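Asks: My questions all concern the structure below.
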């Protein structure tokens, strides 16, 4: 991970708002991050933390209305994805940026063969002939470890198991050699032994193809195994961000610390009782003027209610949005 | 351990779902969802059941409450075989055994209020006056940490964790002794999971409950269970006290399963020598010959493809079914599978 390299993706101050009958929901609030060539950025957060909505906003994948990307820039190289309009965006989706979704059953079309679905982006974006696209599709299926690839092209998604379907999804996402691969909870629907297979595959593919990956998950264990950098999201904002070892060794945000403590471990001593984070995740109704974690935070004080903390650098490429510093002194 | 009372004894339980096919819709085969499992649950303990999807853990849980009609085997609760009870007698037994379901969204009727949902078992099994029922409902809401003021709200007004609390309150309504928790935290966020697990533990202590805790989350099962059974393709491949199972797994499947769990520690994760199993779980309609695990086992031998391994006691209370485990004297060979299976009764040294 070359540190000074120009990022392939640079997101600044992204704001996405949903209009609902009961008012606006601020799902993504001033989220900024970058993605460097060849690195894997892990995005962690609970449901409703805004991690998926952020990624879908980047590529205009949210239905509008109700969603509206209100502010921000998303630079893919020197193109601002938020400014170029739907037609040009369509040419970028699937070609420069590949997407892998959580549930491989619902994201593959059940009435088309797997071969057809892999060939579709190849013919559309790369203009390959039918025969060439088919050859490339076989290559891709072999790349993601599906045995007997040529024959399986004519199978339908239901003829594949869950893990194999996710491999097909990855093959589709990789079809046009994307610069960026966004994987939204790609292993959440899978069993642990199958998840282990997919994680191995992704590690292999990274070495072979060298694309940059954004990996969204709620599983800190998965992140620990594959990510270079981690971004922890809470209540539509970035709570903390830094290199993976930093985040796990010196978590600076009370939310990250609490999250790491609540997880039972597979080794070591068993706690008599699990540590909990009391309360519920916030409802993102109003424009946030307070820290979203305040209601559940053990260290909350007056200022947390009146001022939404800004991200500040704490060294080693690590930043945190909290009014407290490491020593427990207000900043 | 002999003084501990067995609340539940499951002996060679089988549950096969028939497959019909052909022109005349004859039965052409069966999905062997649960294929001969034997275990006990002691009073006041938590038995964890782990395994991947399709291994039969949920089916086993439901069969134990006789929510499915069993194909063979017996389920003894307090010495009474509920597998053969008539519906009427079974109904009288129901209050003692309850269930908490995985999906708190789907298992609560959206048209009933919280009070209605929690009170339904009382309507069915008691003839208490309204006021007494309401008092009990409030008591239950207090016990699971729900605000009494929300009794007249509908499930949609609650978050996932709160809905699961409603489901737990309903299961507690009739003072059960035994609760099957079928993936009760799988649909919840990490920060909410710990809340629900702590609640289950508190309630267990308070009411002396016995749990069968079905989950695919090995770390959480390690936390909550006293003993753990690992299922693969309809069979229990290993059963042991929790620390024994996690520290000294005897079955290659348990080993692989444990090694596949990602740990939230980057340095540990990158050092770890992960056993990655190849392929998928075979179909339970057509399980492989010999050992069920032989198609994916990294340590497979010729004998595994021929003969089904016998369950042996590796250490006191630690049982596993694998050909790699030396057969000790007194633990006899392959022909006596069934005989041996019925002897897997924890705490008894065979």
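Asks: Looking at the range B:252-266, which of its residues are in contact with a helix residue (DSSP H, G or I) (Cβ under 7 Å, 6 or more places away or on another chain) and part of a helix (DSSP H, G or I)?
Replies: B:254, B:256, B:257, B:258, B:260, B:266
Asks: Give just the number: which of (1) in contact with a helix residue (DSSP H, G or I) (Cβ under 6 Å, 6 or more places away or on another chain); (2) assigned to a loop (DSSP other than H, G, I, E, B); (3) within 13 Å of chain A (Cβ to nearest Cβ); (4) modelled with pLDDT of 90 or more does residue B:277 not satisfy?
Replies: (4)
Asks: Filter the range B:253-295 down to residues that are more than 21 Å from the chain's Cα centre (by Cα), touching a residue at least 40 places away in the same chain (Cβ under 8 Å) and more than 16 Å from residue B:56 (Cβ to Cβ), then give me how many there are.
Replies: Within the range B:253-295, residues that are more than 21 Å from the chain's Cα centre (by Cα), touching a residue at least 40 places away in the same chain (Cβ under 8 Å) and more than 16 Å from residue B:56 (Cβ to Cβ) number 0.
Asks: Here is a check on your reading of the model: is residue A:148 at pLDDT 90 or above, out of contact with any strand residue (DSSP E or B) (no Cβ under 6 Å at 6 or more places or on another chain) and either closer than 23 Å to residue A:105 by Cβ or within 14 Å of chain B (Cβ to nearest Cβ) (or both)?
Replies: no
Asks: Regarding the range B:80-97, can at least one residue be identified that is touching a helix residue (DSSP H, G or I) at 6+ places or on another chain (Cβ under 6 Å) and within 14 Å of chain A (Cβ to nearest Cβ)?
Replies: No, the range B:80-97 contains no residue that is touching a helix residue (DSSP H, G or I) at 6+ places or on another chain (Cβ under 6 Å) and within 14 Å of chain A (Cβ to nearest Cβ).
Asks: Let me ask something else. Give the number of residues within the range A:300-328 that are surrounded by fewer than 17 Cβ atoms within 10 Å (Cβ to Cβ) and more than 24 Å from residue A:245 (Cα to Cα).
Replies: 6
Each row is one residue, and each column tells you yes or no for (1) within 13 Å of chain B (Cβ to nearest Cβ); (2) modelled with pLDDT under 90; (3) in contact with a helix residue (DSSP H, G or I) (Cβ under 9 Å, 6 or more places away or on another chain); (4) over 22 Å from residue B:196 (Cβ atoms).
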{"residue": "A:228", "(1), (2), (3), (4)": "yes, no, yes, yes"}
{"residue": "A:232", "(1), (2), (3), (4)": "yes, no, yes, yes"}
{"residue": "A:252", "(1), (2), (3), (4)": "no, no, yes, yes"}
{"residue": "A:256", "(1), (2), (3), (4)": "yes, no, yes, no"}
{"residue": "A:262", "(1), (2), (3), (4)": "yes, yes, yes, no"}
{"residue": "A:267", "(1), (2), (3), (4)": "yes, yes, yes, yes"}
{"residue": "A:280", "(1), (2), (3), (4)": "yes, yes, yes, no"}
{"residue": "A:287", "(1), (2), (3), (4)": "no, yes, no, yes"}
{"residue": "A:297", "(1), (2), (3), (4)": "yes, yes, yes, no"}
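Asks: Need pairs with beta-carbon distance below 9 Å; first residue at positive phi and within the range A:298-322, second assigned to a loop (DSSP other than H, G, I, E, B); sequence gap 6+ or separate chains.
Replies: Taking only residues 6 or more apart or on different chains, the pairs are A:316/A:250; A:317/A:3.
Asks: Could you please find all residues in the range A:148-163 being over 12 Å from residue A:112 (Cβ atoms), touching a helix residue (DSSP H, G or I) at 6+ places or on another chain (Cβ under 9 Å) and assigned to a helix (DSSP H, G or I)?
Replies: Matches in the range A:148-163: A:149, A:150, A:152, A:159, A:162, A:163.
Asks: Now a separate question. State yes or no: is residue B:66 at pLDDT below 90 and surrounded by fewer than 21 Cβ atoms within 10 Å (Cβ to Cβ)?
Replies: no
Asks: Please find, among B:297, B:304, the residue that is assigned to a loop (DSSP other than H, G, I, E, B) and either buried (at least 18 other Cβ atoms within 10 Å of the Cβ) or at the interface with chain A (Cβ under 9 Å from one of its Cβ atoms) (or both).
Replies: B:297
Asks: Would you pick out the residues in the range B:112-132 that are within 17 Å of residue B:167 (Cα to Cα) and either assigned to a loop (DSSP other than H, G, I, E, B) or without any contact (Cβ under 8 Å) to a residue 40 or more places away in the chain (or both)?
Replies: B:112, B:113, B:115, B:116, B:123, B:124
Asks: Quick check on residue A:28: is it under 30 Å from residue A:154 (Cβ atoms), touching a strand residue (DSSP E or B) at 6+ places or on another chain (Cβ under 8 Å), crowded, with 19+ Cβ neighbours inside 10 Å and touching a residue at least 24 places away in the same chain (Cβ under 8 Å)?
Replies: So residue A:28 fails the test.
Asks: Take the residues in the range B:253-273 that are more than 7 Å from every other protein chain (Cβ to nearest Cβ) and modelled with pLDDT of 90 or more, then tell me which one is nearest to residue A:250 (Cα to Cα).
Replies: Within the range B:253-273, the match that is nearest to residue A:250 (Cα to Cα) is B:259.
Asks: Which residue is modelled with the highest pLDDT, if the candidates are limited to the range A:188-219 and must be within 10 Å of chain B (Cβ to nearest Cβ) and not in a helix (DSSP H, G or I)?
Replies: A:217
Asks: Before we move on, is residue B:182 within 14 Å of chain A (Cβ to nearest Cβ), closer than 30 Å to residue B:11 by Cβ and in contact with a helix residue (DSSP H, G or I) (Cβ under 8 Å, 6 or more places away or on another chain)?
Replies: no
Asks: While we're on this one: Could you check the range A:21-107 for strands (runs of 3 or more DSSP E) lying wholly inside it with 1 or more residues that are within 14 Å of chain B (Cβ to nearest Cβ) and within 18 Å of the chain's Cα centre (by Cα)?
Replies: A:40-44
The values are calculated or read from the model by the stated rules, or taken from the named source; none is laboratory data. Computed from a prediction, not measured in an experiment: that's the story for all the values here. FYI the Cβ positions are ideal-geometry reconstructions off the backbone, even for glycines, and counts take in every protein chain you see.
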